[in-house]
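Structure first, then comments.
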Amino acid sequence: MKSHPVKALLLTAPSRLELVDAPDPQPAEGEVLVRVRACGICGSDIHGWDGSTGRRRPPLIMGHEASGEIAAVGPKVTAWKAGDRVTFDSTIYCGECAPCRAGRVNLCENRRVLGVAPVEYSQDGAFAEFAAMPARILYRLPDGLSFPHAAMVEPVSIAIHAVQRVKVAPTDTAVVVGSGMIGLFVVQALRWAGAKRIIAIDLEAKRLDLARELGATDTIQSDQADVAAEVARLTGGNGADLAFEVVGISPTLQLALACLRKGGSAVLVGNLAPKTDFPLQAVVTREISLFGSCSSAGEYPLCLDLISRGVIRVEPMISALAPLAEGAEWFKRLSAPDGAKFMKVILQP
Ligand SMILES: [Zn+2]
Ligand SMILES: [Zn+2]
């Protein structure tokens, strides 16, 4: 099938990535072999490669935000053929447990994430020329959608899933706390969902400029203003109907909750800190509803459509495209103190 060795970016030790000749993956029954054309470096890869999260134990090929074309299909795969342009869910779900049968595949009891190796399992991902995976996690790319743009579908799906955890009414004001890449996708998803007022909050003026360009009606730089008071002012003294927390530490969680009106809803997406200070009495006495939001659950076709029609813009978030051979260098750059100036770096094996 292939005569040349398969290149892969292998994590061989904490903070050590090597471009190696990997064993040639073969699609097993129900699997396809994908020729990877684009794979984004995720923040969780950066936090994982140095060993700090314990979820990228070497040896491992990372990478879970990818697209490519089918190189070969394994036995009993009938819906796909070589040459099909695809992306795939970052989660390999079993399709049989109770959450899967209820359509909540992100909560699968047997989930394995591509390119992740916590204590329970090790699943090679897509920082490689070829990757084998079950056909059931594949999605077809719309014509004309480029591989790098298609590789952005995973982070977009996180935002669409978060916005769909609640009902967005045309009269709603929503705050988005944290205007990094996912926050900027949440802003765009809220605009798509029809929110009337979208208030983006961040420490960095540059990100807020981008938030306005992408659909935020108002922005607040959080070190320059009393954010909750400003949100109250913008909402006739009531507070926001919805708050999206996209950072995941105590101060931003508290900020998101403080911006809400009585009876409002908070969708919690960020999860940097395992535990936070939680304003229990404010949540109870103001009857705030809390919605956790993890990954996505089948929103890929919708997201691919939104991206290909330009309803959700991904190109402002792509900081660089680079060959796989430069992957190790990019991991160093992204983990440096000023690494946050890059949003998404996409490797092209
Ligand atoms: Zn990711
Ligand atoms: Zn399952």
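Laboratory data are not the source of any read-out in this text; all were calculated from the coordinates shown. The structure presented is a predicted model; accordingly, all values stated were derived computationally and were not measured. Please note: Cβ atoms are built from the backbone with ideal geometry, for glycine as well, and neighbour counts cover all protein chains shown.
Summary of values
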| quantity | calculated |
| --- | --- |
| Within the chain, helix-based [θ] at 222 nm, where runs of 4 or more DSSP H residues each add -39,500 (n - 2.57), nearest 500 | -7000 deg cm²/dmol |
| Euclidean distance of C-alpha centroids, the stretch 81-137 and the stretch 171-201, integer Å | 29 |
| For the chain, size of Cβ-based charge dipole, Lys and Arg +1, Asp and Glu -1, in debye | 500 |
| Amide H partners (placed H, <5 Å) of residue 50, local residues excluded | 15 |
| Antiparallel DSSP beta bridges within the chain, percent to nearest 5 | 55 |
| Magnitude of the charge dipole, the stretch 105-220, Cβ model with Lys/Arg +1 and Asp/Glu -1, debye to 20 | 420 |
| Residues 47, 64, sorted so that the one with the fewest Cβ neighbours within 10 Å comes first | 47, 64 |
| Among the listed pairs 206/262; 7/76; 167/196; 167/275; 206/332; 196/262, those beyond 25 Å (Cα-Cα) | 206/262; 7/76; 167/275 |
| Alpha carbon centroid spacing (whole Å) that separates the stretch 22-53 from the stretch 244-312 | 28 |
